[in-house]
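What follows is a single structure, written as structure tokens, with notes after it.
The values are calculated or read from the model by the stated rules, or taken from the named source; none is laboratory data. Everything numeric here is computed off the predicted structure, so don't read it as measured data. Glycine also receives a Cβ, built like all others from the backbone with ideal geometry; neighbour counts cover every protein chain displayed.
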Amino acid sequence: MTSAPPLVLESLGKTLPNGRQLFANLSLTVSAGECVSIQGESGIGKSTLLNLAAGLDTPSAGMVEVAGRKLADLSEADLTALRGQQIGFVFQSFHVLPYLTLAQNVALPAILSGDPRDAALTKARTRLSEVGLGDRHGDYVAALSGGELQRVAIARALVHDPVLILADEPTGNLDPDTSNEIMDLLARTVRSTGAAMVLVTHSPIDAAMADRQLRLTASGMEPIA
Ligand SMILES: Nc1ncnc2c1ncn2[C@@H]1O[C@H](COP(=O)(O)OP(=O)(O)OP(=O)(O)O)[C@@H](O)[C@H]1O
């Protein structure tokens, strides 16, 4: 365990190859156990911000620190290891692997971050129980609904006990009732682990579940009252 905040963005800037500046001088600290939602119009740079936080894209200025490690100081291998161990991803288009069982799908990040296979599968079954799919761990994904797939995505994002969850439109493809159920589950499950979460969403209802609501605009990040 580290006492450093799970995520620190300091004076972050991103200018696209065509010269368009997505944001500049953007600073944000997300504390352990805190959920921060980010709204903002389409194309403003929300997904880019998550990619920068994960070290999947590089900033034009400023600094990203995850769990006390400055991403710019890390080699590609260290960055991959840090991402694998400390970050969990929940995306709208979650690609579960059809030839693996639910437990095997969920166990993957734990196996990739170094857990022995049996220990990873045990953790995966525990996480699947937490999201209400405990009795389905041996199933394949073919028969799952969109909501069930997102439950698998949540279990998989948390299986390796990351300190930071990055969620990009996690309810984007779901009907309103299922969206509420999945958001509630995501918020509860993440809180129970003590991880921090950055949630990018177009839904004000989803955003309201966060401890802190922010909006990304062309002039920066502003709190939503
Ligand atoms: N590496 C890149 N090279 C060129 N353009 C990029 C790159 N990364 C992002 N962009 C552009 O930056 C803009 C912001 O994209 P981004 O996906 O971050 O927006 P967003 O706020 O998440 O939008 P949406 O809500 O529609 O998902 C887009 O115009 C996108 O095409």
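Quick check: is even one residue across the range 11-34 basic (Lys, Arg), under 15 Å from residue 201 (Cβ atoms) and either modelled with pLDDT under 95 or within 16 Å of the ligand (Cβ to nearest atom) (or both)?
If we filter the range 11-34 for residues that are basic (Lys, Arg), which is where we start, we get 14, 20.
Filter again for under 15 Å from residue 201 (Cβ atoms), leaving none.
Checked the range 11-34: no residue is basic (Lys, Arg), under 15 Å from residue 201 (Cβ atoms) and either modelled with pLDDT under 95 or within 16 Å of the ligand (Cβ to nearest atom) (or both).
Within the range 84-100, restricting attention to residues that are more than 16 Å from the ligand (Cβ to nearest atom) and assigned to a strand (DSSP E or B), which residue is nearest to residue 167 (Cα to Cα)?
The residue in question is 88.
Within the set of pairs 6 or more residues apart or between chains, which connect a residue that is assigned to a helix (DSSP H, G or I) inside the range 177-195 to a residue that is acidic (Asp, Glu) with Cβ atoms less than 8 Å apart?
Sorted first by the residue in the range 177-195, then by its partner, the pairs are 179/206; 183/206; 189/130; 192/130; 193/161.
Would you pick out the residues in the range 39-83 that are assigned to a loop (DSSP other than H, G, I, E, B) and either among the polar types (S, T, N, Q) or away from the ligand (no atom under 16 Å from the Cβ) (or both)? Full working, then the answer.
Taking the range 39-83 first, the residues assigned to a loop (DSSP other than H, G, I, E, B) are 40-45, 54-60, 67-68, 74-75.
Listed by number, the residues that qualify are 42, 58, 60, 67, 68, 74, 75.
Restricting to the range 30-58, name every residue that is in contact with a strand residue (DSSP E or B) (Cβ under 7 Å, 6 or more places away or on another chain), of a type outside the set (Gly, Ala, Ser) and farther than 17 Å from residue 13 by Cβ.
Matches in the range 30-58: 30, 34, 35, 36, 39.
Going by what's in this entry, would residue 7 be described as away from the ligand (no atom under 16 Å from the Cβ), crowded, with 20+ Cβ neighbours inside 10 Å and modelled with pLDDT of 95 or more? First the steps, then the outcome.
On the way: away from the ligand (no atom under 16 Å from the Cβ): yes; crowded, with 20+ Cβ neighbours inside 10 Å: yes; modelled with pLDDT of 95 or more: yes.
Considered against the rule, which asks whether it is away from the ligand (no atom under 16 Å from the Cβ), crowded, with 20+ Cβ neighbours inside 10 Å and modelled with pLDDT of 95 or more, residue 7 comes out as yes.
Going by the structure shown, is residue 36 in a strand (DSSP E or B), touching a residue at least 12 places away in the same chain (Cβ under 8 Å) and over 24 Å from residue 126 (Cβ atoms)? Walk me through it before giving the result.
Numbers: in a strand (DSSP E or B): yes; touching a residue at least 12 places away in the same chain (Cβ under 8 Å): yes; over 24 Å from residue 126 (Cβ atoms): yes.
Yes.
Tell me which residues, restricted to the range 148-176, are assigned to a loop (DSSP other than H, G, I, E, B) and either among the β-branched types (Val, Ile, Thr) or within 26 Å of residue 81 (Cα to Cα) (or both). Can you show your working first?
Looking only at the range 148-176, we keep the residues that are assigned to a loop (DSSP other than H, G, I, E, B), and these are 159-163, 169-175.
Listed by number, the residues that qualify are 159, 160, 161, 162, 163, 169, 170, 171.
Filtering the range 195-212 down to residues that are within 16 Å of residue 91 (Cβ to Cβ) and under 14 Å from the mean Cα position of the chain (by Cα), which residue is farthest from the ligand (Cβ to nearest atom)?
My answer is 197.
Pairs needed: first member in the range 127-144, touching a residue at least 12 places away in the same chain (Cβ under 8 Å); second member anywhere, surrounded by fewer than 16 Cβ atoms within 10 Å (Cβ to Cβ) and part of a helix (DSSP H, G or I); C-beta distance under 8 Å; at least 6 residues apart or different chains.
Taking only residues 6 or more apart or on different chains, the pairs are 128/134; 130/192.
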